[in-house]
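Participant: Got a structure for you, questions after.
Quick note: the coordinates plus some simple rules give every number you see, no bench work behind them. On a predicted model such as this, the values are computed, not experimentally measured, just so you know. All Cβ positions, glycine included, derive from the backbone under ideal geometry; neighbour counts span all protein chains shown.
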Amino acid sequence: MATRKKVLVTGAKGTLGTDLVARIKTTRKYDLVAVDIEEMDITRLSDVKNTFLQHRPDVVIHCAAYTNVDRAENERELAMAINSEGTKHVAFFCRELGAEMIYISTDYVFDGLKQTPYLETDRTHPINVYGASKLAGEEHVAVLLEKYKICRTSWLCGIHGRNFIYSILQAVAEGRPLSVVNDQIGRPTFTFDLADALLWLLEKPEYGIFHITNSGFCSWYEFAQKIIQLAGIKGVAVRPITSEQFRSLAQRPPYSVLENRRLEQLRFRPLPRWEESLREFLARKAALEQSGVPPVVARRGTSK
Ligand SMILES: NC(=O)c1ccc[n+]([C@@H]2O[C@H](COP(=O)([O-])OP(=O)(O)OC[C@H]3O[C@@H](n4cnc5c(N)ncnc54)[C@H](OP(=O)(O)O)[C@@H]3O)[C@@H](O)[C@H]2O)c1
């Protein structure tokens, strides 16, 4: 009988990690080790070493990250310590123990000046600290390992974490006026879809860089409008504004649609259109609320 693969998930209490862990459990195919900062602070080499020696994983899905894009501008050292050095620690012990590594990365490794979807082979050029720190993580993975999968995704939304959908719904609930940027175009991606794709990819002997997003594209303004429409909210107007008017700490790419070229080549079915998955997200949220479970997990705070 074939032995079961042991899969270690880092950042297991984060937005993606929570859904990924739940998805892995439903397959009943893997031995799962789920860790977050309490068990393994990836900035501490000794933590990473101890966890790897204790569990000896076959595959590591590295979701742990510093993800607050704006705050990273003022916390460069911390963002680098987690996303670059922390990832290096994980990659190093993957190499030591012969584990495959799946590293979750981001559309923000690109500058957004391309006007057509970014391919896995396109030149990277981050324009904010978060993007630079994630790219530095990618570079460590590629230097240290042969069997790695760098999976870039974008505009992540998951039930169990802060995200744009909750921000919009909360603003509506509080009666705050809504002004949303209309000059940044990307692909909202839902953690339940991404988790499916990651598990599919985990079984494939294919390595390198992969883009994994839902289908379609929109601006944040269009995304906000659709959230309000599908949530059945009437009489709330959204005002389109420019990034210049919004004035966030971090600069963001104006266009960061990721083409899932390698998944297409491997004949993976395209992930659903983002509008379809938004509908599914709202249905899951409603079901959770009815069951009395609060959907948002409050975390320490390197997250959004
Ligand atoms: N969110 C997006 O829009 C987006 C877009 C593209 C790519 N990604 C990438 O997708 C992955 C998952 O993102 P996500 O939104 O699920 O992130 P998240 O919700 O912020 O989860 C990240 C997890 O990592 C933990 N963590 C932070 N510092 C750590 C450390 N030193 N050691 C161990 N764990 C640590 C966080 O704990 P605390 O909460 O306590 O800090 C959190 O539980 C990340 O690699 C991210 O860069 C995200």
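Participant: Rg over Rh of the chain, using C-alpha atoms and the Kirkwood radius, what does it come to?
Facilitator: My calculation of the ratio gives 0.95.
Participant: Name the residue from Gly131, Leu119, Leu145 whose Cα lies farthest towards the positive end of the charge dipole of region 31-174, charges +1 on Cβ of Lys and Arg and -1 on Cβ of Asp and Glu.
Facilitator: Going by the Cα projections, it comes out as Leu119.
Participant: About its Cα centre, how strong a charge dipole does the chain have in debye, to the nearest 20, once Lys and Arg get +1 and Asp and Glu get -1 at the Cβ?
Facilitator: 600 debye
Participant: Per-residue HN-Hα couplings for region 248-265, Karplus 6.51 cos²θ - 1.76 cosθ + 1.60 at θ = phi - 60°, whole Hz, x for Gly and Pro?
Facilitator: Result, rounded to whole Hz: 8, 5, 9, 6, 10, x, x, 9, 9, 6, 9, 7, 8, 4, 5, 5, 4, 4.
Participant: Given a 10 angstrom Cα cut-off, can you work out which residue in Ser46, Ser154, Ser277 is the most mobile in a GNM of the chain?
Facilitator: Ser46
Participant: Please list, ordered by chain and number, the residues whose modelled amide H lies under 5 Å from the amide H of Glu100; skip anything fewer than 5 residues away on the same chain.
Facilitator: Those lying under 5 Å, H to H, from Glu100 are Val59, Val60.
Participant: Just how large is the dipole of region 180-226 about the Cα centre, in debye to the nearest 20, putting +1 at every Lys and Arg Cβ and -1 at every Asp and Glu Cβ?
Facilitator: The calculation lands at about 80 debye.
Participant: Mind sorting Arg152, Arg262, Arg267 by how few other Cβ atoms lie within 10 Å of their own Cβ, fewest first? Present the calculation step by step, with values, prior to reporting the outcome.
Facilitator: Details: Arg152 25, Arg262 20, Arg267 6.
With the sparsest Cβ surroundings first, the list reads Arg267, Arg262, Arg152.
Participant: Given 0.36 nm per residue, what is the gain on full extension from Glu146 to Val293 after removing their alpha carbon distance, in nm?
Facilitator: Extending this stretch completely gives an extra 48.7 nm.
Participant: Which is farthest toward the positive dipole end of the chain among Val60, Ile228, Cys94, measuring Cα position about the Cα centre, with Cβ charges +1 (Lys, Arg) and -1 (Asp, Glu)?
Facilitator: Farthest towards the positive end: Ile228.
Participant: What ranking of Ile104, Ile127 emerges when the number of other C-beta atoms within 10 Å of each C-beta is taken as an exposure proxy, fewest first?
Facilitator: Working: Ile104 27, Ile127 18.
Neighbour counts put them in this order, fewest first: Ile127, Ile104.
Participant: Same structure again: Can you give the extra length, in nm with one decimal, that the chain gains between Thr116 and Lys25 once fully stretched, where that is 0.36 nm per residue apart less the Cα-Cα distance? Don't jump to the answer; show the numbers that get you there.
Facilitator: On the way: separation 91, 0.36 × 91 = 32.76 nm, distance 3.73 nm.
Full extension from Thr116 to Lys25 adds 29.0 nm.
Participant: Please identify, among Tyr103, Tyr221, Tyr130, the residue showing maximal mean-square fluctuation in a Gaussian network model of the chain using a 10 angstrom Cα cutoff.
Facilitator: The residue that fluctuates most here is Tyr221.
Participant: For region 143-156, take each phi angle, set θ = phi - 60°, evaluate the Karplus expression 6.51 cos²θ - 1.76 cosθ + 1.60, and give the result in whole Hz per residue in order, putting x for glycine and proline.
Facilitator: 6, 7, 10, 9, 9, 10, 10, 8, 10, 8, 10, 8, 6, 5
Participant: For Lys234, Lys13, Lys204, what's the fewest-to-most ordering of other Cβ within 10 Å of each Cβ?
Facilitator: Final ranking by Cβ density, sparse to dense: Lys234, Lys204, Lys13.
Participant: Among Leu278, Leu113, Leu258, which one moves the most in a GNM of the chain with springs linking Cα atoms closer than 10 Å?
Facilitator: Leu113
Participant: Name the residue farthest towards the positive end of the dipole of the chain from the options Asn163, Ile37, Ser277, assuming +1 on Cβ of Lys and Arg, -1 on Cβ of Asp and Glu, about the Cα centre.
Facilitator: After comparing all options, I get Ser277.
Participant: Can you grab the distance from the C-alpha centre of region 1-32 to the C-alpha centre of region 123-194, Å, no decimals?
Facilitator: Each part's Cα centre sits 21 Å from the other's.
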